[in-house]
Amino acid sequence: MKLFLFIFLILSNPISCAQDYSSKSKTDAEKLPDASIAYFASGCFWCVEAIFESVLGVEEVISGYAGGIIENPTYAQVSSGQTKHAEAVKIYYNPKIVSYSTLVEVFFNSHNPFTLNRQGPDIGPQYRSIAFYNNHNEKRIIQLKIDQIFKSKKDSVTTELVPFKVFYAAENYHQDFKKKHPNNSYVTAVSLPRLNAFKKKMPNVLK
């Protein structure tokens, strides 16, 4: 749920992250058979999708839901916090151009891993930080990064390290949201500043 200080921004625009649409997304990502796939959750997927799509070697990013307990959840169900899903992204990337280790660096450099069930103005378990791993090597890479962050910051990382099980694509309306709605109040107040902050941290990985 957005903090009250953002309510006036959201109400001033008929498009907001709180809306629900029933049709499921369709993507051409299946046309990328040679791509590797990674999954992360770090707050509103409008923000996270835009961040990873700015990375060289990333071919497609799908917004969706992962880490929950029911099949085919809707945005309304996930937003209730009762399904245990987090807003997540599915990343198709070319490992010859960008490594999984770099994607993990992007993940940790583009959100706050110290806040439990919160990213910026977004509060709730659906906005928690999760790094999903597909194999032991990915788990090792993520764990090493978490240990490194803890050693340097002396603060507990709230990021969940979870084996990947299933990902459900979000409704069509949520896909490429920043690109389609650059003037949306949430995009201008939250998504864009977050993207720009990431770009300053890792300019060498950008497209």
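The values are calculated or read from the model by the stated rules, or taken from the named source; none is laboratory data. Note that the structure is predicted; figures quoted are calculated from it, not measured. Ideal geometry is used to build each Cβ from the backbone, glycine not excepted, and the neighbour counts take in all protein chains shown.
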Point to revise | Selection within the stretch 176-188 - within 17 Å of the chain's Cα centre (by Cα) and in a helix (DSSP H, G or I) | key: Phe177, Lys178, Lys179, Tyr186, Val187
Practice item. Confirm whether Phe177 is of a type in the set (Phe, Trp, Tyr) and closer than 30 Å to Ile70 by Cα. Key: yes
Exercise for review: Give the stretch 24-64 a look and list any residue that's over 18 Å from Ala88 (Cα atoms), modelled with pLDDT under 95 and in contact with a strand residue (DSSP E or B) (Cβ under 6 Å, 6 or more places away or on another chain), or say none.
Suggested key: Leu32, Ala35
Practice item. Tell me which residues, restricted to the stretch 61-84, are of a type in the set (Val, Ile, Thr) and more than 24 Å from Lys178 (Cβ to Cβ). Key: Ile69, Ile70, Thr83
Exercise for review: Under 7 Å between Cβ atoms, at least 6 apart or on separate chains: pull out the pairs that start in the stretch 117-136 with a residue that is touching a residue at least 24 places away in the same chain (Cβ under 8 Å) and under 18 Å from Gln77 (Cβ atoms) and end on any residue that is surrounded by fewer than 21 Cβ atoms within 10 Å (Cβ to Cβ) and basic (Lys, Arg).
Suggested key: Asp122/Lys2; Pro125/Lys84; Tyr127/Arg118
